[in-house]
Amino acid sequence: MSDTQPVPTQEPAPPGRLQLTGYAAEQVLWLVPLVIGLVLFVVGGLLVVVWVGVVFVVAAVPLIRVVANRQRQFAGRVLGVDLPPPYRPAPEGGPLVQLRSVLADPMTWRDLVWILWAITVGWVISLLVVVLLLAVATGFFWWFGAPPLMAMRSQVDRLLLTYGSTETLERRVAALTRSRAEAVDHSAAELRRLERDLHDGTQARLVAVSMSLGMAEEQFERDPEAARRTVTEARAATSAAIADLRSVVRGIHPPVLADRGLDGAIRALALDMAVPVEVVGDLSGRPPAPIESAVYFAVAECLANAAKHSGHQQAWVELAHRDGLLRVVVGDDGRGGADAEAGTGMRGVMRRLAAFDGTMAVSSPDGGPTIVTLEVPCVLSPASSSPRTTPSSEPG
Amino acid sequence: MRPEPRLVLAEDNALLRAGLTQLLAGSGFVVAREVDNAVELDAALLDPEVDGAVLDVRMPPTFTDEGLRAAIAVRAQRPGFPVLVLSQYVEQLYARELLASGEGAVGYLLKDRVSDVRQFVDGVRRVLDGGTVLDPEVVATVMARRRDEPLERLTPREREVLALMAEGKSNASIGASLHVTEKAVAKHINSIFAKLDLPVDLEVNRRVQAVLAYLRL
């Protein structure tokens, strides 16, 4: 997701006066690329009807973004905050698709407004800071003037180059609305699947049991031997129904996950795979139950995919929780070429993780290895098997 | 061992507990202690008057794996104490933990296997005699896994025999399942022992050793 909360970074020392002046000098030089970028963009925009314009715009945008991102870094350092690039991720597709995405990104237009500031008043401020130092006589003014001048410029830069709190919230709400809709869709689909499994499997088998028992009832008088055989059949059918039910339960919430938590359950899962799976790392506590379950099924899906498609000799799972982020890496040494978008299973995993602000990244070059990284922000509760509040109705 | 082995039975579902008690009592066992939660279970297992235990994995107070933990704990205190663990589902992980808790005298079965009364009772006896009884589902998962040395040296037939040994079957019943004579089974088993480099020892111990090798412990 592109609009997660800025991650607090290690506070570096605020830049000194000389460094500030260095920034200012660089900002002065940006006049050239910024003017070129602006002109390209405007001319391109005017010429867009005759296609050449598209090329101009496509060339201008990366140029502008490089400089704007550099300025975000400077402003961030001066103000002691982290200002990550706020652009939308580029979509897959040809130049026209890219262009449409760039033009739809509000930050593209804010960049242009920022250029107007950066080549006029902003530029003058930076120039002033540099000149105050270079003209040695004004050293006194430089000593006291450079920090507030640069701070002022950086405030304006930040205002123009980043989304304000209202906009951030709006975007957050939009993202949440989307992921909520997907989560609801996903759980509705899961319920339909469960209904099908129960209806086609367990229920059908119980009907068979009941029919066999009915038949046996009839047979007892006439042919006790046949009745005995029918009862034996009925018993076999019950076993099959129990086995079905077991697999349905596993699909809802594997008991071992409740017993042993995420790392125990993943270790148990690894033992069930046909190919050796090494599990490294462990968690100091347990993530919230819904996250635990989502991550477990994500790992299960990854390992199942590897088993199905990758032709691997070995797979591995790494578990870690650091800085409020649960990170699980699933890798295999197979032939690679996996596409996260291709399988409905993987899309389901992504949607399910997105409901918790989680992400899934797949790296799978041809020839392998395939590495899937799952990340979910969460807090671990102290390690202990989570007691259930209500006793289960099923016998242990 | 006394003629009528005395057992601890731990199962929180009253219906199943009553059924199991009846079944065991009718098959030559004495159910000396019946418990329905993990707290009482720990005390019951330390009773010197009992010879073995049949335990449910999931029980109050937390409804997770206290039965399994109790089994492992008691085997740490009373090495070789026979324990048969019953569960609604089987996990390789738990099978390994049980097997690692001491050599032999351990069983791990799905609860629905109880419906085959003769086999179940046979399983309880084998565990009390120091054997290993694993659920066919555990064995099947191990079978599906890619083999490595030294199990690679076994012939497919020998692997079948080993799998049935892991389920706790006697030579006679292995012979019956594979449609071969008991003598042929004994020959296969000797060959397995030789290929797995198991030292000449008591038959029961070697059987257990072979099963452990099979599970790659």
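The values are calculated or read from the model by the stated rules, or taken from the named source; none is laboratory data. Since the model is a prediction, treat every value here as computed from it, not as a measurement. Ideal geometry is used to build each Cβ from the backbone, glycine not excepted, and the neighbour counts take in all protein chains shown. For the accessible areas, the whole protein counts, side chains as well, though only heavy atoms, and no ligand, DNA or RNA atoms are used. Shrake-Rupley method; radii C 1.70, N 1.55, O 1.52, S 1.80 Å.
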May I ask you to give the solvent-accessible area per residue for segment B:48-150, in square angstrom, as obtained with a 1.4 angstrom probe? 33
Area accessible to solvent at A:His186, 1.4 Å probe radius, in Å²: 40
Heavy atoms of B:Ser177: accessible area, 1.4 Å probe, square angstrom to 10: 60
B:Lys195, B:Lys169, reordered so the largest accessible area comes first (probe 1.4 Å): B:Lys195, B:Lys169
A convex hull over the alpha carbons of segment A:255-382 yields, per residue, a volume in Å³ of 92
Just to confirm the number: angle between the C-alpha axis of helix B:203-214 and the first principal axis of chain B, 0 to 90 degrees, nearest 10? 80
Would you mind pulling out the separation of the Cα centroids of segment A:19-74 and segment B:1-37, in Å? 82
If you average the sequence gap of Cα pairs under 8 Å that are 6 or more apart and divide by the length of segment A:1-140, what percent do you get for the contact order? 31
Find which of A:Gln27, A:Gln155, B:Val139 sits farthest along the positive direction of the dipole of the protein assembly as shown, computed with +1 on the beta-carbon of Lys and Arg, -1 on that of Asp and Glu, about the Cα centre. A:Gln27
Nearest-ten-degree value, helix A:52-79 long axis tilted from longest Cα axis of chain A: 90
Relative contact order (%) - chain B, alpha-carbon pairs under 8 angstrom, separation at least six: 14
With +1 on each Lys and Arg Cβ and -1 on each Asp and Glu Cβ, how big is the dipole of segment A:255-382 about its Cα centre, in debye rounded to the nearest 20? 240
Expressed as cubic angstrom per residue, what is the convex hull volume of the alpha carbon set of chain A? 206
Would you calculate a helix-derived [θ] at 222 nm for chain A, using -39,500 (n - 2.57) for each DSSP H run of n ≥ 4 and dividing by the full residue count, to the nearest 500? -21000 deg cm²/dmol
Let me check something: with ligands and nucleic acids excluded, how do A:Ser165, A:Ser293 order by accessible area (1.4 Å probe), largest to smallest? A:Ser165, A:Ser293
Projected onto the charge dipole of chain A (unit charges on the beta-carbon of Lys, Arg, Asp and Glu, signs +1, +1, -1, -1), the Cα from A:Ala181, A:Phe41, A:Val58 with the largest positive-side position is that of A:Phe41
Candidate lysines - alpha carbon under 21 Å from B:Lys183, same-chain residues fewer than 8 apart omitted: B:Lys169, B:Lys195
GluC sites (Glu not before Pro), restricted to segment B:1-65: which are DSSP loop and have at most 11 other Cβ atoms within 10 Å? B:Glu49
Using just the alpha carbons, could you tell me how many Å³ per residue the convex hull of segment B:70-215 encloses? 107
Taking N as the number of residues in segment A:174-252, the ratio of its alpha carbon radius of gyration to 2.2 N^0.38 Å works out to 1.71
What percentage of the solvent-accessible surface of segment A:255-382, computed with a 1.4 Å probe over protein heavy atoms, is contributed by carbon and sulfur atoms? 53
For segment A:174-252, with the dipole built from +1 on Lys and Arg beta-carbon atoms and -1 on Asp and Glu ones, taken about the Cα centre, which of A:Thr232, A:Met211, A:Ala243 lies farthest toward the positive end? A:Ala243
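Using just the Cα positions, wrap segment B:3-121 in a convex hull and report its mean projected area in square nanometres, one decimal place.
6.7
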Residue-level accessible surface for A:Arg196, protein heavy atoms, 1.4 Å, Å²: 120
Please name the residues of segment B:80-96 whose accessible area, counted over protein heavy atoms with a 1.4 angstrom probe, falls by no less than 20 Å² between the chain alone and the full protein assembly. B:Gln88, B:Tyr89, B:Glu91, B:Gln92, B:Leu93, B:Tyr94, B:Arg96
Against the longest principal axis of chain B, how steep is helix B:117-128, in degrees 0 to 90 to the nearest 10, with axes from Cα atoms? 90
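Sorted by accessible area (1.4 Å probe), largest first, how do A:Asp259, B:Asp12 line up?
B:Asp12, A:Asp259
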